[in-house]
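Here's the structure we're looking at; comments come further down.
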Amino acid sequence: MRPPGHHAGRNGAALGASSRGFCYLNNIAIAVKKLSKETLILDIDGHHGNGTQEIFQGNDKVTYLSLHQSPNYPGTGHFTEGNCINFSLPSNLGGHQYMETLDKALSMVDIRKIEVIAVSCGFDTHVGDLATLGLVEQDYWKIGKKIACLKKSAFFVLEGGYVGEKVGLDIDSFLRGYEENK
Ligand SMILES: [Zn+2]
């Protein structure tokens, strides 16, 4: 869905950010609150989900895990705070190091207690996009596979991704990686 949601906090702009980052409603937060289950929110958008962190900070049912580019908008997520685990990464990190970081990040979560994985699924980490981490289409297949291999219920909510001719291909790659390995 558009627009994305993860910058929308409890009352508009979150954690001191300068704007709402094109977001009106925090779509994934609404879904996770409605589900009310032990949830891992995995935020793979290239920007930090300051709104999602603000909403779930200190919530013992929800773990928020974000891999994002820094420095970049919204200028938050530089360190881990309780149930909100953050990885600030340099632009054009590349797929290999990204997957190593994702492995490390997931190892910090007690997956056994998680019932649902909610993915804030942004594609602006693609090479040349607004928060690039140097990923290409095939890397999203690997991320989808990684999530499938956790063997949990999962759902995906679209966040960013602004290079029009790439986003559809990346989404398709991601979903195939998930579907082919679950
Ligand atoms: Zn983004």
Exercise for the section: Quick one: go through segment 120-134 and flag any residue whose amide nitrogen is under 18 Å from the point 7 Å out along the Cα-to-Cβ line of Leu175. Expected result: 120-124
Problem - Low-density loop cleavage sites - GluC sites (Glu not before Pro) in segment 120-182, where at most 11 other Cβ are within 10 Å (DSSP) - result: Glu180
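How do Arg10, Arg2, Arg176, Arg112 stack up against each other in accessible area, from largest to smallest, with a 1.4 angstrom probe?
I get Arg112, Arg10, Arg2, Arg176, largest accessible area first.
Using only C-alpha positions, report the orientation-averaged shadow area of the convex hull of segment 16-91, nm², one decimal.
Averaging across all directions leaves 4.8 nm² for the Cα convex hull.
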Handout entry: Nearby lysines by direct alpha-carbon distance to Lys61 (threshold 16 angstrom, same-chain neighbours under 8 apart not counted)
Key = Lys33, Lys34, Lys37, Lys113, Lys152
Practice task
Give me the accessible area of Thr80, 1.4 Å probe, in Å² rounded to the nearest 10.
Solution key: 60
Practice task
Whenever you get a sec, compute what percent of the accessible area on segment 1-115 sits on carbon and sulfur atoms (1.4 Å probe).
Solution key: 53
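Rolling a 1.4 angstrom probe over the protein heavy atoms, how many square angstrom per residue are accessible across segment 1-138?
43
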Practice task
Could you tell me whether segment 66-144 comes out rounded, prolate or oblate from its Cα gyration tensor? Rule is a ≥ b ≥ c as square roots of the eigenvalues, rounded for a/c under 1.5, then prolate if a/b exceeds b/c, otherwise oblate.
Solution key: oblate
Completion exercise
Per the Kirkwood formula over distinct C-alpha pairs, the hydrodynamic radius of the chain in angstrom is 15.8
Handout entry: For the chain: relative contact order, % (alpha-carbon pairs under 8 angstrom, 6 or more apart)
Key = 21
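The values are calculated or read from the model by the stated rules, or taken from the named source; none is laboratory data. This structure is a prediction, so every number in the text was calculated from the model and none was measured. Using ideal geometry, Cβ is built from the backbone for each residue, glycine included, and neighbour counts are taken over all protein chains shown. Just so you know, the surface numbers come from the protein's heavy atoms only, side chains and all, with ligands and any DNA or RNA stripped out. Shrake-Rupley method; radii C 1.70, N 1.55, O 1.52, S 1.80 Å.
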